[in-house]
Amino acid sequence: MSNYKIETKCVQGGYTPGNGEPRQIPIIQSTTFKYATSEYMGKLFDLEASGYFYSRLQNPTCDSVAAKICEMEGGTAAMLTSSGQAASFYSVFNIATCGDHVVASSAIYGGTYNLFAVTMKKMGIDFTFVSPDCTEEELNAAFRPNTKAVFGETIANPALIVLDIEKFANAAHAHGVPLIIDNTFATPVNCRPFEWGADIVTHSTTKYMDGHGAAVGGCIVDSGKFDWMAHKEKFPGLCTPDDSYHGITYAEKFGIEGAYITKATAQLMRDFGSTPSPYSAFLLNLGLESLHVRMKRHCENAQAVAEYLEKHPKISWVNYAGLPSNKYYETAKKYMPNGTCGVISFGVKGGREGAELMMKNLKLAAIETHVADARTCCLHPANATHRQMNEEELIAAGVPGDLIRYSCGIENAEDLIADLEQALAQI
Ligand SMILES: *Cc1c(COP(=O)(O)O)cnc(C)c1O
């Protein structure tokens with residue numbers, strides 16, 4: 001599949017049936033797998049032989065879908081997780097532990113920020129958050145001798161800041177650590193971070209990849225390019241024997257292409273068990289089959305809506321990287337020449353009350369915490385996800401009181417604009 005274009009990989013990647021086998025990925029709804037001898041079973045447990053034994057670790061349906069996302073991103077190994085949060089957690093915890101440090105962009109999903117700044121902090125891992133717009137000097141100054149990774153988001157949810165991936169990759173590599181990129185909003189259809197130097201990619205597949213609001217899920221993909229052994233002293237978990245797996249050294253046994261994901265499966269999935277159900281993986285695959293078609297429409301609709309809103313007298317500001325007036329327009333053009341995503345944000349004149357009134361009048365755009373769905377939805381963060389913050393805190397968080405996050409679905413753009421038009425006419 002590796003020579004095919006992204007559209008072909010979306011439809012046919014990850015699974016090629018043999019003679020007389022099902023055309024669609026079979027749902028292997030089985031927790032366990034049968035073997036003839038316990039000797040063979042022993043080899044599976046030692047990671048000496050390959051084969052399935054328990055679906056908490058690996059399942060054929062989930063593996064086929066992970067293989068598809070792996071091909072789409074251009075990686076060498078991938079795993080599904082039960083949520084995007086689990087993917088973010090594993091991606092870092094696989095290489096950083098108590099006493100370690102991670103550099104992260106401050107423009108990341110709120111759930112990821114909390115995971116890092118509160119929960120993983122309690123586990124003894126320190127995070128330094130840097131502005132995505134920082135200079136190279138400021139970025140380099142954030143590193144410490146115990147830094148193990150750099151983390152950022154292609155297009156930050158909900159700030160919609162576009163990351164300069166190369167700047168972050170260069171700094172990470174200069175300090176001998178990998179760059180992990182959450183590529184949820186761009187999807188591999190619009191951006192493939194490995195082509196710009198990222199080493200690991202994570203996803204909340206709950207968003208565009210599923211695309212139909214049907215199944216929560218996540219994914220981690222390894223580019224197979226980061227040389228763990230060259231930085232042995234930083235990554236003992238990958239480069240020294242794992243006593244919990246009979247002394248296997250992942251980086252030796254599974255090489256540069258397979259070590260990271262094998263370790264994440266063998267240790268983290270074994271111990272934490274955030275595994276998706278085969279049925280959820282099947283639903284995710286249905287979404288992936290049309291991802292390239294949907295992303296194009298999401299972007300076209302968002303562009304049309306953003307251009308319409310920018311000219312509207314009742315709108316005070318619009319944030320969408322597809323607008324030439326946007327601060328990240330050039331960065332977006334470089335990393336995502338075919339479009340960014342379908343999510344825009346804007347402010348209504350009349351502040352919070354204006355925002356509330358307008359949203360109440362929308363007929364097509366449903367009020368939801370969800371984003372990146374086939375159906376248009378919107379959220380007023382100041383009254384929902386960021387409700388506990390006062391006006392100053394909201395501004396510091398980049399989420400002013402008048403901000404509406406509007407996630408363009410794949411409906412007809414003229415209908416969406418007419419819906420906005422009538423809602424704005426009432427305020
Ligand atoms: C939603 C989201 C997550 C968390 O994913 P879940 O599937 O909800 O656990 C992580 N990153 C980004 C960018 C997201 O939008």
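The values are calculated or read from the model by the stated rules, or taken from the named source; none is laboratory data. What you are looking at is a predicted structure, and each value in this text was computed from that prediction instead of being measured. Positions of Cβ are generated from backbone atoms using ideal geometry, with glycine treated the same way; all protein chains shown enter the neighbour counts. Just so you know, the surface numbers come from the protein's heavy atoms only, side chains and all, with ligands and any DNA or RNA stripped out. Shrake-Rupley method; radii C 1.70, N 1.55, O 1.52, S 1.80 Å.
Miscellaneous remarks
- Using θ = phi - 60° and Karplus 6.51 cos²θ - 1.76 cosθ + 1.60, couplings along the range 185-199 (whole Hz; Gly, Pro as x): 6, 7, 6, x, 5, 9, 8, 10, x, 4, 5, 10, x, 5, 9
- Computed from the Cβ-Cβ distance with R0 of 41 Å, the FRET efficiency linking T32 to A396 stands at 0.20.
- Relative packing of 325-331, 159-165, 291-297, which averages over residues the other C-beta atoms within 10 Å, highest first: 159-165, 291-297, 325-331
- On a per residue basis, the chain carries 41 Å² of accessible surface, using protein heavy atoms and a 1.4 Å probe.
- Estimated FRET transfer efficiency when R0 is 30 angstrom, pair E21-R270 (beta carbons, to 0.05): 0.50
- For the chain, built as a Gaussian network whose Cα springs stay under 10 Å, the top-fluctuating residue of G342, G409, G401: G401
- Accessible carbon and sulfur surface of the chain relative to its total accessible area, %, 1.4 Å: 53 percent
- Site pair I367 and N383 shows an inter-label distance of 0.5 nm when each label is modelled 7 Å from Cα along Cα→Cβ.
- Coupling constants for the range 115-129 follow from the phi torsions by the Karplus curve (6.51 cos²θ - 1.76 cosθ + 1.60, θ = phi - 60°), and in residue order they are 4, 6, 6, 10, 6, 6, 4, 5, 7, x, 9, 9, 10, 10, 9 Hz; glycine and proline get x.
- The helix-based estimate of mean residue ellipticity at 222 nm for the chain, built from -39,500 (n - 2.57) per DSSP H run of four or more residues and divided by its residue count, is -10000 deg cm²/dmol to the nearest 500.
- Under-5 Å amide H pairs with F129, H placed in peptide plane, nonlocal only: A104
- For a modelled paramagnetic label at K253, 7 Å from Cα along Cα-to-Cβ, no residue of the range 188-223 is in reach, as no backbone nitrogen comes under 15 Å.
- Estimated distance in nm for a label pair at T119 and K334, the labels positioned 7 Å out from Cα along Cα-to-Cβ: 3.3 nm
- Amide H contacts under 5 Å for F53: Q58, restricted to partners 5 or more places along the chain or on a different chain, H placed in the peptide plane at 1.01 Å from N.
- The amide H of I248, built 1.01 Å from its N in the peptide plane, has D242 as neighbours under 5 Å, considering only residues 5 or more places off or on other chains.
- Backbone N under 12 Å from the S2 label point (7 Å along Cα→Cβ), restricted to the range 58-79: 71, 74-77
- Protection proxy ranking, highest mean first, for peptides 415-424, 373-382, 239-248: 373-382, 415-424, 239-248, where packing is the per-residue count of other beta-carbon atoms within 10 Å, averaged.
- Estimated D of the range 292-424 in µm² per second, where Rh is the Kirkwood radius over Cα pairs and Stokes-Einstein applies at 37 °C, 0.692 mPa s: 221 µm²/s
- With the gyration tensor restricted to C-alpha atoms of the range 7-285, the semi-axes of the equivalent ellipsoid amount to 30, 23, 16 Å, longest first.
- For the range 157-266, the set of GluC sites (Glu not before Pro) satisfying both a DSSP loop assignment and a count of at most 11 other C-beta atoms within 10 Å is given as E233.
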